[in-house]
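Every number in this text was worked out from the coordinates using simple rules, so none of it is lab data. Since the model is a prediction, treat every value here as computed from it, not as a measurement. We place every Cβ from the backbone using ideal geometry, glycine too, and count neighbours over all the protein chains shown.
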Amino acid sequence: MLQKWNPFVEFEKLYNDVNGVFRSSPLSKKGEADPSETFVPAVDIYEDDDKTELHIEVPGIQKDAIDVKVDNGVLTIKGERKFDKEEKKDKYFRLERSFGMFERSFTLPDYVDAEKIEGKYDSGVLVLSLPKVPKAKPKKIDIKVS
């Protein structure tokens, strides 16, 4: 398929990339983590014949700080990674981890049974198992002869 090139799309991408560098600085003026900084956890999605699985990387977040809901066919995962400010005399030379609130939403396909979604949390990875609705089996119709 042939697609028309739009140079303004490239400029917008460059603009967003440059602005992202300045917005994503983990240090505020005081040398502390910026509490307004947010992060987006990485998500891997796997699928087989019976289910779809989401593997969400949320290291450093307690299970109780993660909220998973399904509403009107949309799966939403919310949470918060807090910056533990310690009053030690240690100096921070570099902070690369992001802190703050996050929210990820996924529209569920019709074949997911939302009532049977299960989740487990282990070693900083939240795994959500989204079982598929069993496919309807073909039904044989008997024809009566009169």
Checklist entry - In segment 57-86, what residues are surrounded by 16 or more Cβ atoms within 10 Å (Cβ to Cβ) and in contact with an Asp or Glu (Cβ under 8 Å, 6 or more places away or on another chain)? => result 61, 77, 79, 83
Item to check | Candidate set from segment 40-57 (those that are touching a residue at least 40 places away in the same chain (Cβ under 8 Å) and more than 9 Å from the chain's Cα centre (by Cα)); member that is nearest to residue 98 (Cα to Cα) | outcome: 53
